[in-house]
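See below for the structure under consideration.
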Amino acid sequence: MDNQKPDRQEYRVPGDFATLSEAIRSVDPWARILLAPGVYAESFQVEQPIEVLRDPAFEPCVSEGVSADIPVERANDVDSEKKTQEETVESVLSAFAKSTLEKTVDGSAERQEEDEASEPISSEWKPDANAVIIETRGVGAIRFSAEQALFRGITFRNCKQEERPSSKFYDSNEDGMEDGGDDADDTLGIEVSSDNSELNDALVNLTPAVVVTEGSAIFEDCVISSQTGCGMVLIGEASPILRRCRFSHSAGALQFSQQSQGTFDKCTFVGLDVRGILLVEQADPTFRDCEIAECRKEGVIIAGGAKGVFLNCVIRDNRLINTVLVDHADPTFGNCRFLNARENGLLIAKEAKGTFEDCEISGNRSFGVTIDERSDPSFSRCRFTDNWKMGVLCDHESSGTFDTCEIRQNRSSNVGVVHESKPVFRNCSMSDGRDEGVYIAECGFGTFENCRFERNHTSNIRVLQEGGPKFVGCTIADGEKLGIHVIEFGRASFESCTVRGSGEESIFVSSEAKVKFQQMRILDGRKGGVIIRDSAKLTCEKTTIQQHVPFSIGVIEKGVLECSDCDLYGRVIVSEPDSTASASFRGCTFTAPDQPNRKQPSLVLDAGSQTELFECRFQKSRVADILVDPKAVMSQVDTMSHRRVLGMLWERDRLPVVEKKRAEGAIHWVTVRNVVLWLLLLLVIVVALVMESNSFKKVPRRGSRMIPCEPSIVSQETVRHV
């Protein structure tokens, strides 16, 4: 603006004009008004391009010899003002936010006492003796509708009506602008239509310090506060520019509505008595390098389809929630930090969206982010760490996309998915959680692609209560207890994943759960490989289960196992003393345990178990391939064993029930071989008998009469024999 009109005229207040209101009404466009330090108790409207600056020529300190024509309000006059802002009407959103935090998920965060939460926030600004303060008193506001205007180094303040100004104030009585004058107004003179009236009631119906209705006014190094509302309201097509401004000591800092925009660079919004920034309707401002902190409720609320861009901002230490997105809101946050809220770091609800890139959500005393009520945000390269409950909670049919995110060291589960939610996680890491890496319950779903679940305390993955997630290409490693835990009717599908290094069992499937493995690798469980029990079912296809101690697979208590084309190393045990556990192996390869000091079979069938083997192979066995209890039932089809089935277990003398069946329509080569062998043996016997009969002929004894026949040649051997 300075470059557009270099020959602008300059006026001083007081001096050329007695009051600022008179100067603004009287000067030509593009004029510059220089203000002496002091308090200007005035209310006016800026409708033309002007500049209002603090007079740089004024001395930083005022001595006793200064002319009485330039009265100055000392700092102690400002410090005597009391911070008596009362709580505004309760917001429906606040109740909604609190109810959302009460989840059925295990774990609870430590909370502050109610009296502590109600303490006033000590963050009052204290202008120095050289401050230029434009003050209204409970009525009206400073209004901007000019296309261009510049205010630099000015403090805008709205006080309560009962607080009268000091005699040192520059009052506007001379211009007819005192309270009750012709230009005084009890309201903003505007109406903001919004479906989110519960969000507006607390702020827009009260008097702000500044209202911008249109134009691109510029505010630099200003302080804005209001004891009777929020600091600044932007409506219509307002698009101001604020640089290095400070908002505090107000019910709220900013409220945007309709199509308002604006740019805010390096501004601070600290210590607001209700909330910091409110965006509704089609508002779309931009914030860069700003700080929103220590508000009594929310730091930022974006609702009603509003957008907004937040870049390199810090939103921290707010007493309810750092940021709330509701009702189709769709903002963008880049490289922002959401830290240390007393409740959630982020609440995204009521079909809201939002894009978050390179953000950090850390240290919040409840959930890092709660995604609720069919909301669908997007997170890329974000970090969710050290939150007092879950890092991420997806609830009530919500979704969301997480790409290359780090979710770790949260004090409950790292990720929770409940109530038919369907988020998508790609290339993410869920590690070092105090409970599960991911907790999926109450019909929760979700897709996890190429993710890592490492070093979580109870289990890396836990699925229950008809949850049905899908895991593709994931690494589940080094869980302190279980690798994968699926119970209570849980459903889960795993494809091309690796499970290794679990502190206890690698896989635990129980309580009528159903799990499907495809092309899996399960390694190095310290207390066992896979357990299927309590009517649960596990289906494995093309899966490799490496040697575990004491067993690689255990099927007990009505558990069901179906394996096809799997490589099974170590002992496989099917055991059910009281009822029936069943297992089916098709095209599998069993490799005996590699334990030099103990000779164990590859497959152990205990009492009550039922097992079927189709075209399986056993290798490297030292004692026997299969150990079968007499009360077990086993069926074999084209199974090749290096050793016979050992049919004696625990000194029971009854032979086991071993059924050898042939697959329907298949050729039983063993039977064919046996038939051929028997036929060959029979043929050999027949040939031998024929040859024997031909070799013996009747020869007369010595002294007997011999009837000569035809001459014959008798060999010496025949003679000798006779």
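Using the basic label-point model (7 angstrom from Cα toward the beta carbon), what is the Lys542 to Lys160 distance in nanometres?
7.5 nm
Which whole-number value in Å² is the accessible area per residue of region 380-441, probe 1.4 Å?
Ligands and nucleic acids excluded, the result is 30 Å² per residue.
With a point put 7 Å past each Cα toward its Cβ, work out how far Glu480 is from Asn312 in nm, to one decimal.
Placing both labels 7 Å beyond Cα along the Cβ direction yields 3.9 nm.
Of the DSSP beta bridges with both residues in region 214-323, give the percent that are antiparallel, rounding to the nearest 5.
0 percent
Could you give the length gained on full extension between Glu692 and Arg617, defined as 0.36 nm per residue of separation minus the Cα-Cα distance, in nm?
22.4 nm
Hey, with R₀ at 56 Å, roughly what FRET efficiency would Asp594 and Asp403 work out to, going by the Cβ-Cβ distance, to 0.05?
0.85
Set the Förster radius R0 to 35 Å, insert the Cβ-Cβ distance between Thr671 and Asp567 as r into 1/(1 + (r/R0)^6), and round the FRET efficiency to 0.05.
My answer for the efficiency is 0.75.
State the extension gain, in nm to one decimal, for the chain segment bounded by Val472 and Arg586, taking 0.36 nm per residue of separation less the distance between their alpha-carbons.
Working it through step by step, the gained length comes to 38.6 nm.
Distance between Cα centroids, region 455-506 to region 522-596: provide it in whole Å.
Centre-to-centre distance over Cα atoms comes out at 16 Å.
Quantify, in whole percent, the carbon and sulfur part of the accessible surface of region 238-280 (1.4 Å probe; protein heavy atoms only).
Exposed carbon and sulfur together represent 41 percent of the surface.
Whole number in Å², please: accessible area per residue of region 449-500, 1.4 Å probe, ligands, DNA and RNA not counted.
Counting only protein heavy atoms, the per-residue value for region 449-500 is 34 Å².
Working out 0.36 nm times the residue gap between Gln9 and Glu357, then minus their Cα-Cα distance, what length gain in nm do you get to one decimal?
Difference between extended and current length: 120.6 nm.
Determine the per residue accessible area of region 220-316 with all protein chains present and a 1.4 angstrom probe, expressed in square angstrom.
Heavy-atom accessible area per residue stands at 23 Å².
Keeping all protein chains in the complex and leaving out DNA, RNA and ligands, what accessible area do you get for His457 with a 1.4 Å probe, in Å² to the nearest 10?
Counting only protein heavy atoms, the figure is 70 Å².
7 Å from Cα along Cα→Cβ at both Arg381 and Gln259: what's the point-to-point distance in nm?
Result: 3.4 nm between the two label points.
Explain nothing, just the number: relative contact order of region 267-396, from Cα pairs under 8 Å at least 6 residues apart, as a whole percent.
Worked out over region 267-396, it gives 17 percent.
Given the pairs Lys297/Lys422; Lys350/Lys542; Lys470/Lys631; Lys353/Lys470, which span a C-alpha to C-alpha distance of over 32 angstrom in this model?
In this structure, Lys350/Lys542; Lys470/Lys631 lie more than 32 Å apart at Cα.
Would you mind getting me the FRET efficiency between Glu147 and His328? Use the beta-carbon distance for r and R0 = 25 Å, nearest 0.05.
0.20
The values are calculated or read from the model by the stated rules, or taken from the named source; none is laboratory data. This is a predicted model, so every value here is computed, not measured. With ideal geometry, Cβ positions are generated from the backbone for all residues, glycine too; neighbour counts draw on all protein chains shown. Heads up: the accessible areas ignore ligands, DNA and RNA and are worked out on the full protein's heavy atoms, side chains in. Shrake-Rupley method; radii C 1.70, N 1.55, O 1.52, S 1.80 Å.
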